[in-house]
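The values are calculated or read from the model by the stated rules, or taken from the named source; none is laboratory data. Every value quoted in this text rests on a predicted model; they were computed, and no experiment measured them. For neighbour counting, all protein chains shown are included, and Cβ atoms are generated from backbone atoms with ideal geometry for every residue, glycine included. When the accessible area is computed, the model is the full protein with side chains, heavy atoms only, and any ligands, DNA or RNA have been set aside. Shrake-Rupley method; radii C 1.70, N 1.55, O 1.52, S 1.80 Å.
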Amino acid sequence: MRGMTAPDIFSVVSVDVVALAYDRSARRVLVAAPVRTRDPFRGETALPGVVVHSGERLVDAAHRALDKVGATSPPGAVGQLRTFDEPARDPRGPSLSVAMWAAYAPSDAPPPGGPWFPVDDAPHLAFDHDRILAASRAIVAGMLWRDLDLTRALTGPELTATDAVAITEQLTGQVHRGNLNRDLARLPGLVEAGLAHGGRGRPAKVWRWT
């Protein structure tokens with residue numbers, strides 16, 4: 001429309017959070033998708049999101065959104081992914097969505113059920129959140145074992161080689177164990193801490209963050 005500026009077109013900015021947690025007992029990466037309690041899309045699942053208040057930092061808006069996921073503790077780390085600006089993404093009118101990631105330590109990960117689903121078996125999401133989740137998952141897969149804030153928050157203070165394989169496979173869709181072992185050995189602050197005993201088969205190597 002002639003004379004319309006960008007602020008006129010995109011007057012609403014929201015934050016939608018891809019909240020991830022590793023359920024160590026099931027060896028599954030989970031994503032939070034609570035049921036919406038208001039229109040539009042009341043009763044449907046969606047990524048936790050809020051409209052950003054005037055003067056509010058994106059990370060603070062993300063923490064407000066995460067109140068909806070039922071976690072017992074705050075996330076270990078939060079970061080920004082990318083912006084989605086499809087004008088028709090929200091039936092209420094044009095808006096921008098800034099996608100953020102949040103990672104919870106395994107000890108704080110709720111079991112599957114309620115608002116948490118295996119990341120490779122998430123339900124259909126409202127708005128354009130299916131697209132946001134797919135694009136964000138690809139970005140997070142590239143950050144894994146490279147971004148220390150994300151990786152340490154997701155794995156917790158200690159992990160086994162089996163955990164590393166499970167997390168990698170579910171986020172990236174594939175895993176090369178030789179390359180993964182080299183990635184782990186090169187990570188600053190991650191050291192070998194013996195073997196995990198008590199399970200069946202050959203004990204898995206344990207890694208610990210210093």
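Can you find even one residue in segment 106-119 that is touching a Gly at 6+ places or on another chain (Cβ under 9 Å), assigned to a loop (DSSP other than H, G, I, E, B) and at positive phi?
Yes, because at least one residue in segment 106-119 is touching a Gly at 6+ places or on another chain (Cβ under 9 Å), assigned to a loop (DSSP other than H, G, I, E, B) and at positive phi.
May I ask you to list the residues in segment 74-91 that are within 23 Å of F127 (Cβ to Cβ), touching a residue at least 60 places away in the same chain (Cβ under 8 Å) and assigned to a loop (DSSP other than H, G, I, E, B)?
P75, D85, P87, D90
Please find, within segment 114-134, the residue that is most open to solvent (accessible area, probe 1.4 Å) out of those that are among the hydrophobic types (A, V, I, L, M, F, W, C) and within 15 Å of G173 (Cβ to Cβ).
Checking each candidate, the answer is A134.
Looking only at segment 144-153, decide whether some residue is surrounded by fewer than 16 Cβ atoms within 10 Å (Cβ to Cβ) and within 24 Å of S14 (Cβ to Cβ).
yes
Checking R137 against (1) open to solvent by 20 Å² or more (accessible area, probe 1.4 Å); (2) closer than 20 Å to A65 by Cα; (3) part of a helix (DSSP H, G or I); (4) in contact with a Phe, Trp or Tyr (Cβ under 7 Å, 6 or more places away or on another chain): exactly one of these is not met. Which one?
It is condition (4) that R137 fails.
If you take the residues in segment 61-103 that are open to solvent by 80 Å² or more (accessible area, probe 1.4 Å) and acidic (D, E), which one is nearest to M143 (Cα to Cα)?
Within segment 61-103, the match that is nearest to M143 (Cα to Cα) is D85.
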